[in-house]
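The values are calculated or read from the model by the stated rules, or taken from the named source; none is laboratory data. In this text the structure is predicted, and so the values were computed from the model without any measurement. Cβ placement follows ideal geometry from the backbone for every residue including glycine, while neighbour counts extend to all protein chains displayed.
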Amino acid sequence: MARSSYALAAAAVLFVLPFCHGRGTNDQVNNPNIPYGSFNNPSTYVRPKWRYWIPDASVDPAGVANDVAEAAAQGAGGMELFGYYLYGGTNPAYPAYVPTDWAVYGWGTDVWKTNIQDTAVQAVNANNMIIDFALGVGFGGAGVPSQYDDVNLERDIQPFYVNVPVGGSFNGTLPGWGTGPLISASTGLVISGGVGNAASVLSTSSLTEVTHQVNAQGQISLSFPNATGTHYILAAFYLIFTHQREQVGPLDINSNTFPAKAGVPQSQPASFRNNGSNVWDHFTVGGAQVAINYWNKYLFTGTTGKLLKKVGNYVWEDSIEFFPRYAWWTTELPKVFQQEHGYSINKYLPIIVRGRVGFVNSVTVPLYSTDQADAGLSHLEDYRQTVLHIVQYPIQCGY
Ligand SMILES: *[C@@H]1O[C@H](CO)[C@@H](O)[C@H](O)[C@H]1NC(C)=O
Ligand SMILES: *[C@@H]1O[C@H](CO)[C@@H](O)[C@H](O)[C@H]1NC(C)=O
Ligand SMILES: *[C@@H]1O[C@H](CO)[C@@H](O)[C@H](O)[C@H]1NC(C)=O
């Protein structure tokens, strides 16, 4: 899935600016709106900046101010403020003890905003520097606090399969029925079985979408012709949420679901703002809006709000690390795929939904290819292109 990761990185970069101010701040290209200074005395905008990781919001604000002043004294032009939070506490590679009450000191809480973010912004201003913000918490910044069941959180597509003998029939409940909204159901003839990790090969001409034959109770009745092959598959795909946490909530700590253990007691979250951070759907405007709304309502306010035009530079997603279990997916994907490529993705889903998307939460699902000359890779590539194109960032920046 290396190609998909690459496509995803490009897609996410498109929405790194949730606010747009008049001043051009892109220091990566020749930009007439920012001063560059000289080689001997470069301007703030082109001096090195520090990636400044705060363990959590309990750190001493005076220490934050001192760090910023020290960076300025060393010639730095600015800081990127980032909440570390034990990599969100979600990564099995980094089991750890949570040293503070994350209901109080979580990312994006009032304490984070007042003690850390406002302090850093003020210190940056006092030292004539500029500030970048990581868009969210943890190892990537792909999540902010939200209601746990916000409909704009990260989605996934869960597959189910049943095998039916050639010449046989299926009359019963579609596999996986009830998992979530049905995306599609399809059938196909397997003409050679996968050996080891190899994919089973599907006859392309046999691929058939049968979604419209599933009734409201999830019942479907199909009979399969005799044919040269090993068996048929009936595949069903459902829309689900990943519920991936970018920072686990205080209630998740010690829950056995996550490796992080509480080093100190954790409080009940007073609201969703004290309950960790969730990865939003990176392929919809609604998903981007989860992050934008949080920043506008809770973070670009007060001291930060007042100084933002003066010292605010970038807000960006630091690292593209969010992993569905089965495939990158979003509600509108079939529609956009149809528009872009002129055919329906639905009957090809058995070759597209392959699991093992990232290095966390990977799952193994049956692998299929087709008997086309390219084994069906053109369809996989079409899907990846749609994943790449589907992000349409809603705000145009008038630099
Ligand atoms: C498949 O072939 C078998 C054996 O010839 C026959 O009994 C059966 O009716 C056929 N099934 C279908 C669906 O054509
Ligand atoms: C499928 O099963 C249902 C419920 O058992 C039955 O009413 C229906 O006749 C069956 N359809 C076929 C084609 O066998
Ligand atoms: C906090 O998150 C948990 C899931 O970890 C959820 O069950 C609970 O409803 C959330 N509570 C609040 C107040 O958001």
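Computed values, structure above
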{"read-out": "Qualifying position, being away from ligand 3 (no atom under 16 Å from the Cβ) and surrounded by 14 or more Cβ atoms within 10 Å (Cβ to Cβ), among A185, A198", "value": "A185"}
{"read-out": "Selection count, the range 206-218, where residues are within 15 Å of ligand 2 (Cβ to nearest atom) and either closer than 17 Å to G168 by Cα or small (G, A, S) (or both)", "value": "3"}
{"read-out": "Filter pass, Y238 being within 16 Å of ligand 1 (Cβ to nearest atom) and either part of a strand (DSSP E or B) or at pLDDT 95 or above (or both)", "value": "no"}
{"read-out": "Residue among Q268, Q289, Q217 that is outside the structural domain of S369 (by TED's automatic domain parsing) and at pLDDT 95 or above", "value": "Q268"}
{"read-out": "Check on V164, of a type in the set (V, I, T) and not assigned by TED's automatic domain parsing to the domain that holds Q213", "value": "no"}
{"read-out": "Residues being within 16 Å of ligand 1 (Cβ to nearest atom), part of a loop (DSSP other than H, G, I, E, B) and surrounded by 17 or more Cβ atoms within 10 Å (Cβ to Cβ) - total across the range 211-235", "value": "2"}
{"read-out": "Filter pass, G312 being surrounded by fewer than 20 Cβ atoms within 10 Å (Cβ to Cβ), modelled with pLDDT under 95 and either within 16 Å of ligand 2 (Cβ to nearest atom) or at negative phi (or both)", "value": "no"}
{"read-out": "Verdict on T330 being over 24 Å from the mean Cα position of the chain (by Cα) and buried (at least 21 other Cβ atoms within 10 Å of the Cβ)", "value": "no"}
{"read-out": "Counted residues, the range 351-377 - those being in contact with a Ser or Thr (Cβ under 7 Å, 6 or more places away or on another chain) and outside any loop (DSSP other than H, G, I, E, B)", "value": "4"}
{"read-out": "Residue in the range 241-278 that is surrounded by the fewest Cβ atoms within 10 Å (Cβ to Cβ), counting only those that are within 16 Å of ligand 3 (Cβ to nearest atom) and among the aliphatic types (A, V, I, L, M)", "value": "A270"}
{"read-out": "Subset of the range 174-210 (residues that are among the polar types (S, T, N, Q) and in a strand (DSSP E or B))", "value": "S184, S186, T187, S192, S200, T208"}
{"read-out": "Scan of the range 127-173 for residues that are over 15 Å from H243 (Cα atoms), among the β-branched types (V, I, T) and part of a loop (DSSP other than H, G, I, E, B), ordered by number", "value": "V137, V166"}
{"read-out": "Looking only at the range 214-238, and only at residues there that are of a type in the set (G, A, S) and over 34 Å from the mean Cα position of the chain (by Cα), the one that is nearest to ligand 3 (Cβ to nearest atom)", "value": "S221"}
{"read-out": "Criterion: within 23 Å of D382 (Cα to Cα), modelled with pLDDT of 90 or more and outside any helix (DSSP H, G or I) - qualifying residue of Y348, Y326", "value": "Y326"}
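Residue by residue, here is whether (1) within 16 Å of ligand 3 (Cβ to nearest atom); (2) at pLDDT 95 or above holds:
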| residue | (1), (2) |
| --- | --- |
| Y148 | yes, no |
| L153 | yes, yes |
| G168 | no, yes |
| G172 | no, yes |
| G176 | no, yes |
| P181 | no, yes |
